[in-house]
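One structure is given below, encoded as structure tokens.
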Amino acid sequence: MAQDTTDDMACDFFVTGPVFLDIIFTGLQEAPVGGREVMTSGMGSSPGGVATLAVAASRLGLRTSLAAAFGDDMYGDYLWGTLEDDESIDLSASHRWGHWHSPVTVSLAYDDDRAMITHAHKPPQADLGVPQVAPTARAAFADVADSRPDWLDTAASRGTRIFADVGWDPTGSWDATSLRERLDGCYAFVPNAVEAMAYTGTDSPGAALERIRDWVPLAVVTAGSAGSYAADASTGETAWAPALSVPALDPTGAGDVFLAGLVAATLREWPLLQRLRFANLCAALSVRDFGGALAAPGWGAICEWWEGLEPGSWLARDYAFLEAVLPTVEHRTYGRAVATIGFVGETHDHPDERPGHTRTRDFRIAPRGEQPQES
């Protein structure tokens, strides 16, 4: 079904939360230890935090609005310009604070996982990035880890589909009763398997899904290499979709990219299994590059992957629905993370770390069996 742009909505997807400057190191030969220097083969700078979700959604063609606090430092200049100018994200609900420095996270990708170090202060008005009233949107993201956002009820009453997430509970209480209260009115709940099992007291992602499917209309549990599980109460569908095996460079932000893919597919009203497969694909393509937000795939990258499949393979069969979609979407080329935010344009002093990958390729869909055309 074609995407309904719904003209009376201000945007397709509303996102709010903290934005960070992410500095990502990849290619560590060993884990860092005290007193020793570890050299890396890759480094990238990128918007991070909730910006990853916003960028991933925008690259999939969703009109995306972001409400967040930005510093007035050079990092803030880079983050604002990248999101507004390069990624076409509406920042009219965001604000820049004078004499407040942008939050910074250093991510160390090692052994198929990552460790993160963050330095941040609360903005002068800590609740600025959490508006009382959200713009009218077809879908919105809500972090319900600690509290229920003030804007959620109004948004839900307007018909906005709220996709909720929680994150790790540092208190260790995993209070399911309180969480269910915060989820009231939400359309979807998308925890990872560890979070879902902790909140439900179960020992498998599937068992956790059986519990949380009664909490919201759309329940999804992501399980990394074990795939993703979902149940849709509105259609009666349940589904499991396997993860895709790709050479992983940096897993930073893969969960946010998964969620963006899920939102985009849901707004297109795809069947549940197709939504999971598409979200898994978006997440898998994102880990092939470093940079979190700037590693998120656009439709051009999805087209490139589709055209590279072997006809008749199980992947070609599972993702056959893409053939009808790809001719209807814009195949843009997007920037990737570079080692410094000081360069202007496409200057980059590191070769691409993915064998056979070119950063600037832009593909248009071609019939199966034919080679895609570069622009």
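Conditions (1) closer than 17 Å to Gly167 by Cβ; (2) touching a residue at least 40 places away in the same chain (Cβ under 8 Å); (3) buried (at least 17 other Cβ atoms within 10 Å of the Cβ), marked per residue:
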{"site": "Ala196", "(1), (2), (3)": "yes, no, yes"}
{"site": "Thr202", "(1), (2), (3)": "no, no, yes"}
{"site": "Val221", "(1), (2), (3)": "yes, no, yes"}
{"site": "Gly236", "(1), (2), (3)": "no, no, no"}
{"site": "Ala239", "(1), (2), (3)": "no, no, yes"}
(message) Out of Leu62, Leu53, I need the residue that is in a loop (DSSP other than H, G, I, E, B) and modelled with pLDDT of 85 or more. Which one?
(response) Leu62
(request) Determine which single condition Asp85 fails, assuming it passes every other condition in (1) over 17 Å from Val263 (Cα atoms); (2) not in a helix (DSSP H, G or I). (result) (2)
(request) Find all pairs meeting these conditions: Cβ atoms under 8 angstrom apart; at least six residues apart or on different chains; first residue within the stretch 103-121 and within 26 Å of Val246 (Cα to Cα); second residue aromatic (Phe, Trp, Tyr) and buried (at least 20 other Cβ atoms within 10 Å of the Cβ). (result) Thr105/Phe20; Val106/Phe25; Ser107/Phe25; Leu108/Phe25; Ala109/Phe25; Ala109/Phe290
(message) Just the residues that are in contact with a Phe, Trp or Tyr (Cβ under 9 Å, 6 or more places away or on another chain) and either without any contact (Cβ under 8 Å) to a residue 40 or more places away in the chain or over 23 Å from Ala56 (Cα atoms) (or both), please, taken from the stretch 307-321.
(response) Leu309, Ala316
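The values are calculated or read from the model by the stated rules, or taken from the named source; none is laboratory data. These numbers were taken from a predicted model, which means no experiment stands behind them. Cβ atoms come from the backbone with ideal geometry, glycine included; neighbour counts cover every protein chain shown.
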